[in-house]
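Data block below; observations after.
What follows draws every value from the coordinates through simple rules; no lab data is involved. These numbers were taken from a predicted model, which means no experiment stands behind them. Every residue, glycine as well, gets a Cβ built from its backbone with ideal geometry; the counts of neighbours run over all protein chains shown.
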Amino acid sequence: MSKEIVLSGIRSTGNLHLGNYYGALRKFVKIQDDYDCRFFIADLHALTTNPDPNDLHANVKKILAEYLAAGIDPDKATIFIQSDVPEIAEMYLLLNMHVGIGELMRTTSFKDKARKALGISAPAEGDDDEAFEKQIIGSETNKRVNAGLLTYPTLMAVDILIQKATKVPVGKDQLQHLELTRRFARRFNSFYGVDYFPEPYDFDFGGAPVKVPGLDGSGKMGKSEGNCIYLVDDPKVLRKKVMRAVTDEGPQTPNSPMSEPVANLFSLLELTSTPDVVKHFRDAYADCSIRYGDLKKQLAEDILAVTTPIRDRVNDILADDDYLRRVVKQGAEKARESAARTLADVREIMGIRKF
Ligand code: TRP
C-alpha cells in the first residue's frame, strides 16, 4: 500500500526558533520514514508581505539549511521550494474561480494582516466588520491591502490539494485555513460532479501539544513576538537572552503556585533538560531556596546542547551550495511530478482542453 501523503509548509520570513523545532521539525523527522512526507518553503506566501528581494532568497536558503540540519532527510522526504513548482501558481488561478471574496475576507488571519498593512490596531470585542471593510475598500493612502493577502488561503489550499495530501501538520493559527481547504475541495468536487480531491486534516501526533513559551513572560514563542530563541543563535546571544528572561520576585512561602513567567522557564527546562535537573529546580522552588540566576544558567546550557549541533550543521550546509542545489533540484522534480498530474486533471475537469 502506498504511504499516506503528509504536507507541511513554512513561510520564509526569518530563522527557525525553538518553537518551530519542538512544535514541528522534530516531529517531522520522526514521521519521515512512515509517511510520504513533503515539506516545502512557502516563498510565494512570503511575498504577501512584500519582502526585500535579497532577504527573500537569503531566508529561503536559511530555512532550507535549518530543515536539513534538524534531520529532515532529502532521500526520505521531499523537500522543495514552492516557487520551483509553477504548477502551483497556475492552479491557484484556477481554484480562485471557486473561492468567494467574502469568505476570504472573513478569515481571521486576513483581518489581522489587513489591519497590520493599514496600520490600524486590533478592534475591540464586538466591533462590526463594516467599518473595517470600508477601510480596506476606501483606503486611498499609499497603504493598501494587496490581493495576495486576501487570496493567501487559496494558495495554501492549492499547496495541499495539488499534492493530494490528506495529513497536514499545522499550528492552531492555521486550522481555519485547513478548514477552508476542505471546503474548497468539496466545492470543486461537487461543482464538477467528481470525486477528485481528498479532504485534508490536521496531523494528530497524539499526546498533549508541546508548549514552547517565549522568554517575555507570557504567550508562546513566535517570530512576531520578539521573544524567540533561534536555532542559530550563537552561545553569547543565547545566554544573554535567557539570562534576561522575565521572572518574578521568587516564591515567598513553601509550595506556592508559580507565576506564568516562571512556569514558562520550567516548560523550557522540561523540553531541553533531564528529569533530575527539572526535579532539582522544582524542589528548590517548592522550598523557596531557588535562585533564578542558577535556573537560567542551567537552562541556557541545556538549550545550547540542543541547538549547538544544529547550528554547526547549518553553517556547514550553508557553505555547500552544490549540496543545496542538488537537494532543491531533486525535491522540485518530485514535487512537480505529482503537481503536474493534478494540474492536468484539473484543467481537464474544468474544460480546458487541447485542440
Ligand atoms: N500558512 C502557513 C503558515 O503560515 C504556511 C503554509 C503555506 C502551509 N502553505 C501551506 C502549511 C500548506 C501547511 C500546508 O504557517
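Mind checking which of V314, A300, N264 is farthest towards the positive end of segment 232-316's charge dipole, using Cβ charges of +1 (Lys, Arg) and -1 (Asp, Glu) about the Cα centre?
Of the candidates, V314 comes out farthest on the positive side.
Between I79, I88, I137, find the one with the highest GNM mean-square fluctuation for the chain; connect C-alpha pairs within less than 10 Å.
Result for the chain, Cα springs under 10 Å: I137 fluctuates most.
What does the extension gain come out to for M243 and F355, with contour length at 0.36 nm per residue minus their alpha carbon separation? Walk me through the intermediate numbers first.
Values: separation 112, 0.36 × 112 = 40.32 nm, distance 6.83 nm.
Between M243 and F355, full extension yields 33.5 nm more.
Setting aside same-chain residues fewer than 8 positions from K30, which aspartates and glutamates have a Cα under 20 Å from its Cα?
Partners within reach: E4, E66, D73, D75, D202, D204, E270.
Please find, in a Gaussian network model of the chain (springs between Cα atoms separated by less than 10 Å), the residue of L265, L18, L93 whose mean-square fluctuation is greatest.
L93
With each label point set 7 Å from Cα along the Cα-Cβ vector, what nm distance links R106 and K211?
That separation, rounded to one decimal, is 3.3 nm.
Straight-line reach from K354: which lysines have a Cα under 17 Å away, not including same-chain ones fewer than 8 places off?
Candidates past the 8-residue exclusion: nothing left.
With just the Cα atoms defining each centre, how far is segment 42-105 from segment 213-279? Give it in Å.
32 Å
Within 10 Å of each residue's Cβ, count the other Cβ atoms and sort E199, E348 from fewest upward. The partial results should precede the final answer.
Working: E199 15, E348 11.
Neighbour counts put them in this order, fewest first: E348, E199.
Treat each spin label as a single point 7 Å out from the Cα along the C-beta direction, and report the D276 to D322 distance in nm.
Between D276 and D322, the simple spin-label model gives 4.7 nm.
Rounded to the nearest 0.05, what FRET efficiency is calculated for T308 and K27 with R0 set to 25 Å and r the Cβ-Cβ distance? Don't jump to the answer; show the numbers that get you there.
Numbers: r = 21 Å, r/R0 = 0.84.
Using R0 = 25 Å, I get an efficiency of 0.75.
Between helix 175-192 and the chain, what is the angle of the helix's C-alpha long axis to the longest principal axis, kept within 0 to 90° and rounded to the nearest 10?
Rounded to the nearest ten degrees, it is 20.
What pairs from K61/K167; K116/K167; K223/K296; K240/K296 go past 20 Å between their alpha carbons?
Working: K61/K167 26 Å; K116/K167 31 Å; K223/K296 22 Å; K240/K296 10 Å.
Cα-Cα > 20 Å for K61/K167; K116/K167; K223/K296; rest within.
On a 0 to 90° scale, report how tilted helix 292-318 is relative to the longest principal axis of the chain, with both axes built from alpha carbons and the result rounded to the nearest 10.
So the inclination is approximately 40 degrees.
I want to check the label-to-label distance for F191 and S2. Put each point 7 Å from Cα in the C-beta direction and report it in nm to one decimal.
Using points 7 Å along Cα→Cβ, the separation is 2.5 nm.
Quick check on the exposure proxy: order Y67, Y35 from fewest to most C-beta atoms within 10 angstrom. Each step should come with its number before you reach the end.
Numbers: Y67 26, Y35 19.
Listing Y67, Y35 from fewest to most nearby Cβ atoms yields Y35, Y67.
To one decimal place, what orientation-averaged projected area in nm² is obtained for the convex hull of the Cα set of segment 232-316? Walk me through the numbers on the way to the answer.
Details: hull surface 21.4 nm².
One quarter of the hull surface, i.e. the mean projection, equals 5.4 nm².
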